[in-house]
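Working notes, structure below.
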Amino acid sequence: MTGLERNLKYWFFYIAKTMGLTYLMIIGICAFMSFVDGGNFMEVFAKNVVMYLIMASGMSIIAFGFTNITTIFPVTVSFSSRRSSSLIAMNVAQHVFCLLSFAFAFACAVYVYPNIRPYVGACIPAIIGATCLLFFMGNIVAFLSDRFGRTLGMVLYIVFVLAVSVGCVFGIAVLTRGEGALFAALVTNINALGVIVCAVGILLDALGIWLLAAGTKNKDIKF
Amino acid sequence: MSTLECKGIVKKFGSNEVLHGIDLTLEQGKIYGLIGRNGAGKTTLLSIASGQNPATKGEITVDNLKVWDNQDALDKICFSRELNITAGNQGVGGLKVKDYLKAAQTYFPNYDKALEARLIKEFELDVKKRLSKLSKGMLSMVTIIVALASRAPYTFFDEPVAGLDVVARETFYKIALEEFAESGRTFVISTHIIEEAADIFEEVLFLDTGQIILKENTQELVERVVHVSGKEEDVDAICEGRKVYHVEKIGRSKAATVMLEPGEELKNTPDVTVQPMNLQQIFVAMCGKEA
């Protein structure tokens, strides 16, 4: 096996183990709640699963960013792995599992809310984009934690999130200025909006991965 | 012959230079003892030689392959670090022993699971425990298991016997020698428990304040370095033209650690006493610098 193959094997194993337990727990809790609810089991189950899976996946992405880069990544390097191979495999495994969980949650949402079925085509790129945006945020957490330590890294991350939020508010204000033709055009053309979100998300995700790679390339690994 | 070469290795942390232009060649099929005081740079040197951390300047090659960021070269090296599980790095401590070993199994291409199982049994290690729940000695056992089972041609041990009881230390030396005899791997063992480990070192490397001050065959070194004591003028006469370390004066008497030429012998006289020194005594004397 090449170095990248070994890393893919290990990171898929590790993330499957950590996320798998979380997802099994969520599915178990949702199944129990649906059974207790007494209504249409599949409908209630699907509604609960959508909410909890999305929450769990979103939180996992941020948590991964924090723990994987500070804990598991140094272990892989200490076992004679190339840093780039480990980072690539880490990101591939994280993306695959999170996209699968979002896909499952989306499938449940389509089952529960039939009125969104006409918009499935537009939603898929938007979901991919939103997932990639979350990963970008996760990689920023990872980069800041790795660079500045956990406490200062978290503080800087909160500052970053606030700055991004202010920027988004400002951006929306600009878009809706005057007659807001651009904003109206985007909102009415869901497909175009989905593609834009997807493209922006992928670009930012790639930027986050690059930032993380650049930050860890020549950093001393300590135990 | 396979070699691992360090050329002009410099390492700086900020403005603090901790390794000063180290040149070192490690040959295949030898056991090296890396001896140095706390903060001398042993772990830093091993982490750079194994390609885990970058050097500020210089290059490491193994069989003429650059080590840094080169998987083909990295596959030939294992550096099993001393695990320091503290409040600051609880993350690693959260892993179970079996998970840590599973990672090692995945990454080292020649990993020997049968040897791992044997070592777990010999050390009576509970693999279901988290690393944070292990004692210092048990953490040392984990690093020893990874290093030996990796079957990497160049294997570095960073303080492998730290915290081990005497029985476990003897087990380690016995198994290390068996493994060495069977595989002909190169071991580099850094340790503070010098005398115990001296018997298994074919060559010793003394590292002091970021420089290799000595690299020599252990047996030859022990034969060449002697403790000379007697009247000051007689000891001075012996010291003339020779490397002298750690001089002590008491009244008109003087004692010194002297390095003889290869093959040279110095005998006791009525005025001068010549005594052999063990490796630990030699190291302590040399850390006092050449007089």
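The values are calculated or read from the model by the stated rules, or taken from the named source; none is laboratory data. Everything quoted here is computed from the prediction, not taken from an experiment. Note: ideal-geometry Cβ built from the backbone for every residue, glycine included; neighbour counts use all protein chains shown.
The table for this structure:
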{"item": "Meets criteria (touching a His at 6+ places or on another chain (Cβ under 8 Å), assigned to a helix (DSSP H, G or I) and among the polar types (S, T, N, Q)) for A:T131", "result": "yes"}
{"item": "Wholly enclosed helices (runs of 4 or more DSSP H) of the range B:36-98 bearing at least 2 residues of a type in the set (S, T, N, Q) and more than 8 Å from every other protein chain (Cβ to nearest Cβ)", "result": "B:42-49"}
{"item": "Some residue of the range B:105-114 being away from chain A (no Cβ under 11 Å), over 15 Å from the mean Cα position of the chain (by Cα), outside any loop (DSSP other than H, G, I, E, B) and under 20 Å from B:R185 (Cβ atoms)", "result": "yes"}
{"item": "Failed condition for A:A126, given (1) part of a helix (DSSP H, G or I); (2) crowded, with 22+ Cβ neighbours inside 10 Å; (3) touching a Cys at 6+ places or on another chain (Cβ under 7 Å)", "result": "(2)"}
{"item": "Any hit, the range A:106-124, residues being hydroxyl-bearing (S, T, Y) and without any contact (Cβ under 8 Å) to a residue 60 or more places away in the chain", "result": "yes"}
{"item": "Hits in the range B:225-252 - residues which are at pLDDT 90 or above, in contact with a helix residue (DSSP H, G or I) (Cβ under 9 Å, 6 or more places away or on another chain) and not β-branched (V, I, T)", "result": "B:H227, B:S229, B:G230"}
{"item": "Verdict on B:R118 being more than 13 Å from chain A (Cβ to nearest Cβ), surrounded by fewer than 20 Cβ atoms within 10 Å (Cβ to Cβ) and out of contact with any Gly (no Cβ under 8 Å at 6 or more places or on another chain)", "result": "yes"}
{"item": "Segments classed as strands (runs of 3 or more DSSP E), wholly inside the range B:145-252, with at least 3 members that are among the basic types (K, R) and within 30 Å of B:G21 (Cα to Cα)", "result": "none"}
{"item": "Test set (1) within 30 Å of B:D75 (Cβ to Cβ); (2) at pLDDT below 95; (3) of a type outside the set (F, W, Y); (4) surrounded by fewer than 20 Cβ atoms within 10 Å (Cβ to Cβ) - B:L134 fails condition number", "result": "(4)"}
{"item": "Positions within the range B:110-132 being touching a helix residue (DSSP H, G or I) at 6+ places or on another chain (Cβ under 8 Å) and more than 14 Å from B:F172 (Cα to Cα), in sequence order", "result": "B:N110, B:Y111, B:D112, B:K113, B:D126, B:V127, B:K128, B:K129, B:R130, B:L131, B:S132"}
{"item": "Residue within the range A:113-132 that is among the charged types (D, E, K, R) and under 30 Å from A:C30 (Cβ atoms) present", "result": "yes"}
{"item": "Answer from A:V141, A:V155 - the residue that is on the phi < 0 side of the Ramachandran plot, out of contact with any helix residue (DSSP H, G or I) (no Cβ under 7 Å at 6 or more places or on another chain) and either among the aliphatic types (A, V, I, L, M) or outside any helix (DSSP H, G or I) (or both)", "result": "A:V155"}
{"item": "Criterion: aliphatic (A, V, I, L, M), buried (at least 16 other Cβ atoms within 10 Å of the Cβ), in contact (Cβ under 8 Å) with a residue 60 or more places away in the chain and more than 26 Å from B:G137 (Cα to Cα) - qualifying residue of B:L74, B:L4, B:L45", "result": "B:L4"}
